[in-house]
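Trainee: Submitted below is the structure of interest, expressed as structure tokens.
The values are calculated or read from the model by the stated rules, or taken from the named source; none is laboratory data. Nothing here was measured: the structure is a model prediction, and the numbers come from that model. Methodologically, a virtual Cβ is constructed for each residue, glycine included, from the backbone with ideal geometry; neighbour enumeration extends over all protein chains shown. Remember, those area values only see protein heavy atoms, side chains included, never the ligands or the DNA or RNA. Shrake-Rupley method; radii C 1.70, N 1.55, O 1.52, S 1.80 Å.
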Amino acid sequence: MFHKQIKIPPHDEIIEKMPMPASLKAIKAERDKLISDVICGNSDKLLLIVGPCSAHEAAPVLEYVERLGKLNEKVQDKIVLIPRIYTNKPRTKGVGYKGMFSQPDPTKSEDILKGIYAIRDLNIKAITASGLTAADEMLYPENIHYVDDLLSYHAVGARSCENQLHRLAASGIDVAVGVKNPMSGSILALLNSVYAAQSSQVFKLNGWQVKTDGNPLAHAILRGAVDGGGKDVPNFHYETVMEVADGYAKSGMKNPAVIIDANHSNSGKKFKQQIRICEEVMQNRIYDSGFKKIVKGFMVESFLEEGNQTEDKVYGKSITDPCLGWKDTERLILDIAEKV
């Protein structure tokens, strides 16, 4: 049985109450183009979607993004930095902290309406402080219009990759959408999902029959797989990437692109391994021009303090998956920039 708790206003009412300042719209337009140019092959820069596993508290996230903004000044000729401000968290067993969208204060009960306002406030402050627009996970497709005027990158997670509504909603988004391979690791399912997102679709969304143009910026993210016994199976290696490249070529899809998720099942959630994984991928880019052409960047989980915690006691430390600390992150970003 469903029990109604809080009436959530439509997105246009909330945006009217908390609009994106006009001064920031030009920043977002410029950032959207930078990202598009990389995915479309018009730029040799790399995308780096980097930040905490979950944005559970505004203050440390803002401090982190401010640091990224300063670091961006050193690497912007080589890398397009995209802060992860992930406010929706899928849970393997369906319980636990589900992100700022549902629970703006992780120590209190769920309040989605407050969560929406908290997310908008956080993103607006982050752009103002850093000049960088962010990425978030599209966990609930019916909610994208509450934030899509603020974000420059949307990710479809491994558990959502094969969900019909996620694939169709991705086809109507005007900025880059990265689609992760499913937990099974199926490359065919991944490519089918990207194909659906790149195609024009007609479906029901938020009380409307809608038609989309298709999103030519939809692309693949390799995040590793989990086998039947629960063992992590990496898929960032040369052979898998080139298998994806071959699938792109056979399908005739636009803008072949792969982002390597350096954490999750690629690292076995051993967060320090993200450094080694990025290094190996960068070496493969140097070795093979075809590999370099299709690998457009990385996802890296990182926060002010390394590791994770079960309760929010340490400022700037993840309460979900373990992350790299800032010192290692800064060193990694500078190292990647040298190898682009």
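Trainee: How much length would be gained if the chain were fully extended between residue 251 and residue 13, taking 0.36 nm per residue of separation minus their Cα-Cα distance, in nm to one decimal?
Mentor: 81.6 nm
Trainee: While we're looking at this one, here's another question. Filter the cross-link list 28/292; 45/270; 45/339 down to pairs whose alpha-carbon distance in this structure exceeds 18 Å.
Mentor: Among 28/292; 45/270; 45/339, the Cα-Cα distance tops 18 Å for 28/292; 45/270.
Trainee: Still on this model: First compute the accessible area of segment 110-171 with a 1.4 Å probe, then give the percent of it belonging to carbon and sulfur atoms.
Mentor: 50 percent
Trainee: Same structure again: Give the residue from 182, 233, 215 lying farthest towards the positive end of the charge dipole for segment 159-233; charges sit on Cβ (+1 for Lys and Arg, -1 for Asp and Glu) and the dipole is referred to the Cα centre.
Mentor: Toward the positive end, the furthest listed residue is 182.
Trainee: If you don't mind, another one. How much of the accessible area of segment 22-101, probe 1.4 Å, is carbon plus sulfur, in whole percent?
Mentor: 49 percent
Trainee: May I pose another question? Please list 145, 56 in order of solvent-accessible area, largest first, computed with a 1.4 Å probe with all protein chains present.
Mentor: 145, 56
Trainee: As a test of reading the structure, rank 95, 61, 340 by solvent-accessible area (1.4 Å probe, protein chains only), most first.
Mentor: Working: 95 100, 61 0, 340 45 Å².
Reading off the accessible areas and sorting them downward yields 95, 340, 61.
Trainee: Taking 0.36 nm per residue of sequence separation and subtracting the Cα-Cα distance, how much length would be gained by fully extending the chain between residue 110 and residue 145, in nm to one decimal?
Mentor: 10.6 nm is the gain from fully extending residue 110 to residue 145.
Trainee: In the chain, with Lys and Arg counted as +1 and Asp and Glu as -1 at Cβ, which of these residues, 248, 283, 119, has the Cα nearest the positive end of the dipole, that is, farthest along it?
Mentor: My answer, from the dipole projection, is 248.
Trainee: Which order do the peptides 304-310, 270-276, 294-300 take when ranked by the mean count of other beta-carbon atoms within 10 Å per residue, highest first?
Mentor: 294-300, 270-276, 304-310
Trainee: Can you give the three extents of the C-alpha atoms in segment 1-107 along their principal axes, from longest to shortest, in whole Å?
Mentor: Largest to smallest, the principal-axis extents are 53, 33, 28 Å.
Trainee: What ranking of 223, 91 comes out by heavy-atom accessible area, probe 1.4 Å, highest first?
Mentor: Putting 223, 91 in descending order of accessible area: 91, 223.
Trainee: Return the lysines within reach of residue 204: Cα separation strictly under 23 angstrom, same-chain partners fewer than 8 residues apart disregarded; answer none if there are no such residues.
Mentor: List returned: 4, 7.
Trainee: Could you pull the accessible area for residue 154 with a 1.4 Å probe, rounded to 10 Å²?
Mentor: 10 Å²
Trainee: Okay, next question. Once each part is reduced to its C-alpha centroid, what is the distance from segment 268-288 to segment 26-102 in angstrom?
Mentor: The two parts, judged by their Cα centres, are 19 Å apart.
Trainee: Modelled label-to-label distance, residue 159 and residue 20, 7 Å Cα→beta-carbon offset: nm?
Mentor: Reported label-point gap for residue 159 and residue 20 is 2.8 nm.
Trainee: Once you place label points 7 Å from the Cα toward the Cβ at residue 73 and residue 286, how far apart are they in nm?
Mentor: 2.9 nm
Trainee: If you don't mind, there's one more thing I want to ask. How much of residue 44 can a 1.4 Å solvent probe reach, expressed as accessible area in Å² and rounded to 10?
Mentor: Counting only protein heavy atoms, residue 44 exposes about 130 Å² to solvent.
Trainee: I would also like to ask the following. Per q in 0.17 Å⁻¹, report the Debye log10 I(q)/I(0) for segment 190-243, using one uniform scatterer on each alpha carbon and no solvent.
Mentor: -0.71
Trainee: Near residue 24, within a Cβ-to-Cβ distance under 11 Å, what is the net charge of the other residues, with Lys and Arg +1 and Asp and Glu -1?
Mentor: +2
Trainee: So which helices of the chain fit the span-like rule, where a helix is a whole DSSP H run, its Cα atoms reach 18 Å or more along the axis, and its mean Kyte-Doolittle is at least -1.0?
Mentor: Answer set is 22-39, 58-75, 112-130, 238-251, 273-287, 326-339.
Trainee: Heavy-atom accessible area per residue, the chain, 1.4 Å probe: how many Å²?
Mentor: On the way: 15360 Å² over 340 residues.
Accessible area per residue, the chain: 45 Å².
Trainee: Something else now. If you stretched the chain out fully between residue 125 and residue 273, how much longer would it get, using 0.36 nm times the residue separation minus the C-alpha to C-alpha distance?
Mentor: Working: separation 148, 0.36 × 148 = 53.28 nm, distance 3.15 nm.
Between residue 125 and residue 273, full extension yields 50.1 nm more.
Trainee: Here's something else I'd like to know. Let me check I've understood the local charge: for residue 106, count other residues with C-beta under 12 angstrom from its C-beta, Lys and Arg +1, Asp and Glu -1. What total comes out?
Mentor: -2
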